[in-house]
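Structure, as structure tokens:
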Amino acid sequence: MDTPTFRRWGHELIDWVADYQEQVEERPVLSPVKPGQIRAAVPAEPPLQAEAMEKIIEDFQEIILPGITHWNHPRFFAYFPANNSGPSILAELLSAALGVNGMVWQSSPAATELEEVVMDWLRQMLQLPPDFRGVIQDTASTATIAALLCAREKISAFGVNEQGFAAGAGQGTLRIYTSTEGHSSIEKGAKIAGFGRQNVVRVPVDDTYAMDPVALRRCVARDKGAGYRPAGVVATVGTTSSTALDSLPAIAGVAREFDLWLHVDAALAGSAAILPEKRWILDGIEQADSFVFNPHKWLFTNFDCSAFFCRHPELLIQVFAITPEYLKTAQDMEVTNYRDWGIQLGRRFRALKLWFVIRNFGVQGLQARLRRHLDWAREFADWVEADPLFELLAPVPLNTVCFRLNPGPATHGSVVEEETLTALNQRLMREVNDSGRIFFTHTRLGERFCLRLSIGQTRTERRHVLDAWQAIRHSAVVQDVAGR
Ligand SMILES: *Cc1c(COP(=O)(O)O)cnc(C)c1O
């Protein structure tokens, strides 16, 4: 592609992106396509001859766009937010243009040093302890694997790194602890790091769905007595189902007593800690060994950008460092080589988008937007509580509301069976989502099927949250009338 052509299409596509952002609201949130539909519309073999950009972009609009679920739609309330913003998209464009591979300092000094600076900005914004050092990972899943590997190497005195699993043979099986609400990435990480998923002990939760620290202590002590070797605990600040908040001071107490690596998974909720009035969710973080949260979820920085902090960078580096001759540089003693801070050698220049976002919003701008999301979640929860057809199923400390339609006790005076309620709520969710107006998803808390609304998109306004409630309520009323 020559420069004039690039310039022309570059301008055209920036205009397209600007229009998309402005008009995304008019599109259905959830893609209506059927499985296989997009694949069938794209040639199975690659083109031998060059194709014109006109044609490629036309196909993008006609074939690809219908198969997009619009994560940045203001009425996207599913899963968790994966928001973006103008400054983040522009920085991503520059990062692509530079095409930097920031594997070592020398391979792009600015990529490394800006990453050090913006990670320290985040450290200050979340009021993390001064001895925490940060690195950007692709996802929280990867950061958690890094933490689990640290736990493994700490307890084996780097024996598994050197000798493989033979190192610990005969000394008892290693175990990891997390709550029954802990994220699936912990189990996946335990499979990858060699703990085995059966050695992820699921600690019971209390009635707010937070880990019960007394039960944690009991599990660890029991395992120790039975010859296991407890290696680490993953506490969750903001569980995926209901943003339940594990108590870090209580869990840290157990970690200290049994010398466990304490990793804190705050993938979604960590962003809320930039608010002084919500910083308490990280009380006790100074006792953690590692911590992860995702600016790519709820800090207006597009995927991927996961912030991983470690209190012992020297240990982290010892877990990952390998220096072949061709990667040695004269500056190795004075600089950070981020390739030694995680699994990847090659690394994208992701610090750039955080730098653009934090500067262009300002910390106060970021805080103001998060506050609105929290206010609307509270307001939505109030609507649910005030409505006799609905019930709230978990506390709402942050941006996520777990609730369900339950006309039973209120309207009929009899308890409707769980299975009936599940079917009722599944039907409601399908109906509302199929309308294309909003998109929200579900979870399970204990035995109960929950509808779940997660508020956090950049362009969401109060009116969109109100739309969601009206769409959900309308469907409920129709079902309730039909059901009598
Ligand atoms: C979303 C989420 C994850 C997984 O995040 P990825 O960055 O997609 O790996 C892990 N833990 C919690 C609590 C989450 O909410």
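Given H placed on each backbone N at 1.01 Å, which residues far from ASN84 in sequence or on other chains put an amide H within less than 5 Å of it?
Placed amide hydrogens put THR458 under 5 Å from ASN84.
Describe numerically, in nm with one decimal, the distance between label points set 7 Å from Cα along Cα→Cβ at ALA321 and at GLU418.
For ALA321 paired with GLU418, the spin-label model returns 5.2 nm.
Identify unpaired cysteines across the chain, taking unpaired to mean no other cysteine Cβ lies under 4.7 Å from the residue's Cβ.
Within the chain, the cysteines lacking a partner Cβ under 4.7 Å are CYS150, CYS219, CYS305, CYS310.
Mind listing the phi-derived Karplus ³J(HN,Hα) values for segment 231-240, rounded to whole Hz, using 6.51, -1.76 and 1.60 with θ = phi - 60°, and x for any glycine or proline?
10, x, 10, 10, 8, 10, 9, x, 5, 5
Kindly state, as a whole number, the per residue volume in cubic angstrom of the convex hull around the alpha carbon atoms of segment 1-153.
Numbers: hull volume 34.1 nm³, N = 153.
Convex hull of Cα atoms, per residue: 223 Å³.
Zone of GLU25 (label point 7 Å along Cα→Cβ, backbone N under 18 Å): which residues in segment 436-459?
436-439, 455-459
Nothing charged except the Cβ atoms of Lys and Arg (+1) and of Asp and Glu (-1): what's the magnitude of the dipole of segment 244-330 about its Cα centre? Round to the nearest 20 debye.
240 debye
What three numbers, in Å, describe the spread of the alpha carbons of segment 264-318 along their principal axes, ordered from the longest?
33, 27, 13
Assuming 0.36 nm per residue, please report the length gained on full extension of the stretch VAL335 to THR180 beyond their Cα-Cα distance.
Numbers: separation 155, 0.36 × 155 = 55.80 nm, distance 4.10 nm.
Residue separation times 0.36 nm, minus the Cα-Cα distance, leaves 51.7 nm.
Going by how many other beta carbons lie within 10 Å of each one, how would you line up PHE76, PHE291, PHE60, fewest first?
On the way: PHE76 26, PHE291 29, PHE60 13.
Result, fewest neighbours first: PHE60, PHE76, PHE291.
Relative contact order of segment 225-325: what whole-number percent is it, with Cα pairs under 8 angstrom and at least 6 residues apart?
Details: 152 pairs, mean separation 22.4, N = 101.
22 percent.
Gain in length, THR208 to GLU62, computed as 0.36 nm per residue apart minus the alpha-carbon separation, to one decimal in nm? Numbers along the way, then the final one.
Numbers: separation 146, 0.36 × 146 = 52.56 nm, distance 4.62 nm.
Working it through step by step, the gained length comes to 47.9 nm.
State the extension gain, in nm to one decimal, for the chain segment bounded by ARG444 and LEU13, taking 0.36 nm per residue of separation less the distance between their alpha-carbons.
Numbers: separation 431, 0.36 × 431 = 155.16 nm, distance 4.13 nm.
Additional length available on full extension: 151.0 nm.
Which of the pairs LYS34/LYS278; LYS188/LYS328; LYS224/LYS278; LYS188/LYS224; LYS191/LYS297 have their Cα atoms more than 30 Å apart in this structure?
On the way: LYS34/LYS278 42 Å; LYS188/LYS328 33 Å; LYS224/LYS278 36 Å; LYS188/LYS224 23 Å; LYS191/LYS297 25 Å.
With Cα atoms farther than 30 Å apart: LYS34/LYS278; LYS188/LYS328; LYS224/LYS278.
Suppose R0 equals 51 Å. What FRET efficiency, 1/(1 + (r/R0)^6) with r the Cβ-Cβ distance, do GLN171 and GLU113 give to the nearest 0.05? Please report the intermediate quantities before stating the final value.
On the way: r = 42 Å, r/R0 = 0.82.
Efficiency, rounded to the nearest 0.05: 0.75.
What's the exposure ranking of TRP105, TRP16, going from fewest to most Cβ atoms within 10 Å? Display every interim value, and only then the final one.
Working: TRP105 21, TRP16 14.
Ascending Cβ contact count within 10 Å gives the list TRP16, TRP105.
Based on the Cα atoms of the chain, what semi-axes does the equivalent ellipsoid have, where each is the square root of 5 times one gyration tensor eigenvalue, given in whole Å with the largest first? Let's see the in-between values first.
Working: eigenvalues 272, 231, 86 Å².
Taking √(5λ) for each Cα gyration eigenvalue gives 37, 34, 21 Å.
Tabulate in residue order the Karplus-calculated ³J(HN,Hα) for segment 372-380, using 6.51 cos²θ - 1.76 cosθ + 1.60 with θ = phi - 60°, rounded to whole Hz; enter x for Gly and Pro.
Once θ is set to phi - 60°, the couplings for segment 372-380 become 5, 4, 5, 4, 5, 5, 4, 5, 4 Hz.
Quick note: the coordinates plus some simple rules give every number you see, no bench work behind them. These numbers come from a predicted model, not from an experiment. Cβ sites come from the backbone with ideal geometry, for glycine too, and all protein chains shown count toward neighbours.
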